[in-house]
Amino acid sequence: MPVKPSTSEDEYFARQEVERRRTLAEEREGKLLAEERERERALHLMKCPKCGMQLEEIAFGDVRVDKCFSCEGLWLDKGELEVIRQKEGGFMGRMLSVFR
Ligand SMILES: [Zn+2]
């Protein structure tokens, strides 16, 4: 078969194919990252960040304390420390006396 010189049409289609494959590869990578994040989330959800054991969520008024009965750590969600700070009448002391 005689060698055909490449044309600007060949170049156009090759470029298109490269772009198409690049987009597919990027989509694959994005999906892998999303799956990885989901695996990590499922693995660490309600697990103690210190010792890795299960956290138990216990309500004290409108504050939900995540307690680890393995290392005795107490964990608060975003904003809950501020809620506690705004409470009066020894709220913090009463809460700690329950959860210690
Ligand atoms: Zn723990």
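The values are calculated or read from the model by the stated rules, or taken from the named source; none is laboratory data. Because the structure is a prediction, the values reported are computed rather than measured. Because the Cβ atoms are built from the backbone with ideal geometry, glycine has one as well, and the counts that use them run over all protein chains shown.
Numbers at a glance
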{"quantity": "Qualifying position, being in contact with a Ser or Thr (Cβ under 6 Å, 6 or more places away or on another chain) and modelled with pLDDT of 95 or more, among Cys51, Cys71", "calculated": "Cys51"}
{"quantity": "Whichever residue in segment 70-84 is acidic (Asp, Glu) and not in a loop (DSSP other than H, G, I, E, B) and, among such residues, is nearest to the ligand (Cβ to nearest atom)", "calculated": "Glu80"}
{"quantity": "Single condition Leu43 does not satisfy, out of (1) in a helix (DSSP H, G or I); (2) surrounded by fewer than 10 Cβ atoms within 10 Å (Cβ to Cβ); (3) more than 16 Å from the ligand (Cβ to nearest atom)", "calculated": "(3)"}
{"quantity": "Those residues of segment 78-100 which are touching a strand residue (DSSP E or B) at 6+ places or on another chain (Cβ under 7 Å) and within 18 Å of Lys50 (Cα to Cα), in sequence order", "calculated": "Phe99"}
{"quantity": "Subset of segment 55-66 [more than 9 Å from the ligand (Cβ to nearest atom), surrounded by 11 or more Cβ atoms within 10 Å (Cβ to Cβ) and free of Cβ contacts under 8 Å to residues at least 40 places away in the same chain]", "calculated": "Glu56, Glu57, Phe60, Gly61, Val63, Arg64, Val65, Asp66"}
